[in-house]
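Visitor: The structure that follows is given in the form of structure tokens.
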Amino acid sequence: MSDVLQNCEEKMQKSVESLKTDYDGLRTGRASAAVLDKIRVDYYGQPTPINQVATVSVPEARSIVIQPWDKSVLPAIEKAILTSDLGLPPNNDGKLIRLVFPSLTEDRRKQLAKTAKATAETSRIPIRNIRREGMDELKKLSKGGDISEDQQKDMENKLQKMTDTYIAKIGQTADAKEKEIMEI
């Protein structure tokens, strides 16, 4: 019976981690190498993450430098960045690519904050689904005679408290990201 709670908690933790990963890819006014995580480069016919074909560094708060290990992949990296929805023009000097993050306008900040809120709400849905699945599993255990009704109610209360905790963690993560976005 505690396996049900432990399984639910692991799944909820993964949902929170997934939100943090999504937020890492959300472009703010600061440079972050994580914005390149979803971009794939055509490297010898295989879609390959940029960090597997080049060194990605953040030398300044508003720029990223991509230095490929093989200079022949430079045009492919540039093309991948241009075709992505990143919205940053790559500066290619023949040896490396530099991405400069412009300051965000207030409208763009508000738009990014709305996107962050929507992403947080989308992350709450799987947690609620996990709670529902856990409750169903506890009811099955009770009907099967594996646990008593009192134990079922106790476990359901613990599952609800766990759900509330993880929903709050998502809220805290979203608030922190919104604050970061709105920071000038």
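Visitor: Going residue by residue through region 113-130, is there one that turns out to be in a helix (DSSP H, G or I) and over 22 Å from the mean Cα position of the chain (by Cα)? Spell out how you get there, then give the answer.
Guide: Keep residues of region 113-130 that are in a helix (DSSP H, G or I), which gives 113-130.
Then drop every residue that is not over 22 Å from the mean Cα position of the chain (by Cα), which leaves none.
No, region 113-130 contains no residue that is in a helix (DSSP H, G or I) and over 22 Å from the mean Cα position of the chain (by Cα).
Visitor: Evaluate region 147-162: report whether one residue or more is within 24 Å of the chain's Cα centre (by Cα) and open to solvent by less than 80 Å² (accessible area, probe 1.4 Å).
Guide: Yes, some residue in region 147-162 is within 24 Å of the chain's Cα centre (by Cα) and open to solvent by less than 80 Å² (accessible area, probe 1.4 Å).
Visitor: Pull up region 41-94, narrow it to residues that are more than 18 Å from Gly25 (Cβ to Cβ) and of a type in the set (Lys, Arg), then point me to the one that is nearest to the chain's Cα centre (by Cα).
Guide: Lys79
Visitor: Kindly indicate the residue of region 36-60 that is aliphatic (A, V, I, L, M) and not in a helix (DSSP H, G or I) and also most open to solvent (accessible area, probe 1.4 Å) among those meeting that condition.
Guide: Here is the first cut: in region 36-60, the residues aliphatic (A, V, I, L, M) are 36, 39, 41, 50, 53-54, 56, 58.
Imposing the further condition that a residue be not in a helix (DSSP H, G or I) reduces the set to 39, 41, 53-54, 56, 58.
Details: Ile39: 15, Val41: 1, Val53: 4, Ala54: 3, Val56: 42, Val58: 64 Å².
Among those residues, the one meeting the criterion is Val58.
Visitor: Which one of the conditions (1) under 30 Å from Tyr43 (Cα atoms); (2) of a type in the set (Lys, Arg); (3) exposed (fewer than 12 other Cβ atoms within 10 Å of the Cβ) does Lys143 fail to meet, given that it meets all the rest?
Guide: (1)
The values are calculated or read from the model by the stated rules, or taken from the named source; none is laboratory data. These figures come from a predicted structure and were not determined experimentally. Glycine gets a Cβ as well: all are built from the backbone with ideal geometry, and neighbour counts include every protein chain shown. Only protein heavy atoms, including side chains, enter the accessible area calculation; ligands, DNA and RNA are left aside. Shrake-Rupley method; radii C 1.70, N 1.55, O 1.52, S 1.80 Å.
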